[in-house]
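What follows is a single structure, written as structure tokens, with notes after it.
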């Protein structure tokens, strides 16, 4: 059983990503849910606010320039039910954020998953009880 | 359950047979059209209190099959009248076939979602029953509605409102809510479907087991739709323990504006009015 755990985790992750339904009360037309992307960088701001939780991340691009990414997800209450807390992130934290990027190609994305430096994952789906 | 039966069988077959005779009728009584993943859920179904909808539920909770589409009554909208079609054509929704990045959905100006739209919103609501009324408190917009259960009829000459006038009664294990008196300012769904003040809504609530609430409703609005619009069955999950949380989620114009400036407009690639 122990040897099968990584496979199970991979399958569960795939399931979460595939089944994840993009939701924001502002609509889903601005984001490309067919091309999820993962950005890595340093948190500059973590906004635990309504209507949606926001994470701002400085990401170094291929030219070595800093790009300021703005990432959003659900309301704080839904993030809480998905395992987040208001102090789970702070400026300076290193993160990898998987997003549905804006179709406009602006550095804005709808968060699907956040991986912290210690490996902890923050999803955007509530777990079955 | 299986494990318990297996252990009894190992020790004494007659006891196992007796247990099966006692347990099987109860299990079959618990069968419903809602899929169940474990026998534990079937056990709880028997314990579902009769005529009691109390609890905090969420439409968007995970692990539910065939949950029903969110944001709209069903995938098959009723045919619209010319009056409704003109309103639908003018709408710029954020979801559905006409989804637009610069949506003008009225809820983004903090207009209430209204009934029925808030019923299939993916945020929790809590149902509280009193002898005369059933209350529904919604996290989204921090609004509430009341459903009178004291046998009264709808008042005459209703002034249309966002939540309308609702009366409810039990028909067997189904709580049937009849609503009229809704204004035509709210959209019926996030796809921009309109409704008129003639909207007559009938919601049917059931609790197939202790963890689940289902709701199916009928839209009857002859000014807007040429036939009834039957919703699919919305399935809600009971929130328990630390998940049973509803926070203060008013719609605040300042917060919406800040979000538009920092997120929506950059994502859309242009200003949004």
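The values are calculated or read from the model by the stated rules, or taken from the named source; none is laboratory data. Since the model is a prediction, treat every value here as computed from it, not as a measurement. Methodologically, a virtual Cβ is constructed for each residue, glycine included, from the backbone with ideal geometry; neighbour enumeration extends over all protein chains shown.
Considering only segment B:259-266, I want to know if a residue exists there that is farther than 30 Å from residue A:107 by Cα, within 14 Å of another protein chain (Cβ to nearest Cβ) and in contact with a strand residue (DSSP E or B) (Cβ under 6 Å, 6 or more places away or on another chain).
First pass over segment B:259-266, keeping only residues farther than 30 Å from residue A:107 by Cα: none.
Within segment B:259-266, none of the residues are farther than 30 Å from residue A:107 by Cα, within 14 Å of another protein chain (Cβ to nearest Cβ) and in contact with a strand residue (DSSP E or B) (Cβ under 6 Å, 6 or more places away or on another chain).
Just give me the residues in segment B:169-195 being part of a loop (DSSP other than H, G, I, E, B) and surrounded by 22 or more Cβ atoms within 10 Å (Cβ to Cβ), in sequence order. Spell out how you get there, then give the answer.
At the first step, the residues of segment B:169-195 found to be part of a loop (DSSP other than H, G, I, E, B) are B:172-173, B:181, B:183-195.
Within segment B:169-195, B:186, B:187, B:188, B:189, B:190, B:192, B:193, B:194, B:195 qualify.
Tell me, please, whether a residue that is touching a helix residue (DSSP H, G or I) at 6+ places or on another chain (Cβ under 6 Å) and within 14 Å of chain A (Cβ to nearest Cβ) can be found in segment B:215-228.
Within segment B:215-228, not a single residue is touching a helix residue (DSSP H, G or I) at 6+ places or on another chain (Cβ under 6 Å) and within 14 Å of chain A (Cβ to nearest Cβ).
(1) within 22 Å of residue B:99 (Cα to Cα); (2) assigned to a helix (DSSP H, G or I); (3) out of contact with any helix residue (DSSP H, G or I) (no Cβ under 8 Å at 6 or more places or on another chain): which one isn't true of residue B:256, the others all being true?
Just one mismatch for residue B:256, condition (3).
Looking for something in contact (Cβ under 8 Å) with a residue 24 or more places away in the chain and more than 19 Å from residue B:238 (Cα to Cα) - is there at least one such residue anywhere in segment B:205-213?
no
Just to verify a result, which residue in segment B:196-209, among those that are assigned to a loop (DSSP other than H, G, I, E, B) and in contact with a strand residue (DSSP E or B) (Cβ under 7 Å, 6 or more places away or on another chain), is surrounded by the most Cβ atoms within 10 Å (Cβ to Cβ)?
B:199
Quick test of your reading of the structure: residue B:157 fulfils all but one of (1) surrounded by fewer than 19 Cβ atoms within 10 Å (Cβ to Cβ); (2) at pLDDT 95 or above; (3) part of a loop (DSSP other than H, G, I, E, B). Name the failing condition by number.
In the conditions (1) surrounded by fewer than 19 Cβ atoms within 10 Å (Cβ to Cβ); (2) at pLDDT 95 or above; (3) part of a loop (DSSP other than H, G, I, E, B), residue B:157 misses (2) alone.
Can you find a residue in segment B:200-213 that is away from chain A (no Cβ under 11 Å), in contact with a helix residue (DSSP H, G or I) (Cβ under 6 Å, 6 or more places away or on another chain) and at pLDDT 95 or above? Let's see the steps before the verdict.
Our first condition is that a residue be away from chain A (no Cβ under 11 Å); within segment B:200-213, this holds for B:200-210, B:212-213.
Those still in the list that are in contact with a helix residue (DSSP H, G or I) (Cβ under 6 Å, 6 or more places away or on another chain) too: B:209-210.
Among the residues that remain, those that are also at pLDDT 95 or above are: none.
Checked against the condition, which is being away from chain A (no Cβ under 11 Å), in contact with a helix residue (DSSP H, G or I) (Cβ under 6 Å, 6 or more places away or on another chain) and at pLDDT 95 or above, segment B:200-213 yields no hits at all.
Does residue B:100 qualify as being at negative phi, more than 10 Å from chain A (Cβ to nearest Cβ), surrounded by 15 or more Cβ atoms within 10 Å (Cβ to Cβ) and assigned to a loop (DSSP other than H, G, I, E, B)?
Criteria not met by residue B:100.
Got at least one residue in segment B:111-120 being under 19 Å from the mean Cα position of the chain (by Cα), farther than 20 Å from residue B:251 by Cα and not in a loop (DSSP other than H, G, I, E, B)?
No - not one qualifying residue is present in segment B:111-120.
Could you list, in sequence order, the residues of segment A:16-43 that are part of a loop (DSSP other than H, G, I, E, B) and at pLDDT below 70?
A:20, A:21, A:22, A:23, A:24, A:25
Residues being more than 18 Å from residue A:114 (Cβ to Cβ), modelled with pLDDT under 95 and touching a strand residue (DSSP E or B) at 6+ places or on another chain (Cβ under 8 Å): count how many of those fall in segment A:55-76.
Here the count works out to 1.
Got a number for residues in segment B:63-94 being within 10 Å of chain A (Cβ to nearest Cβ), buried (at least 19 other Cβ atoms within 10 Å of the Cβ) and either modelled with pLDDT of 90 or more or in contact with a helix residue (DSSP H, G or I) (Cβ under 9 Å, 6 or more places away or on another chain) (or both)?
Number of matching residues: 3.
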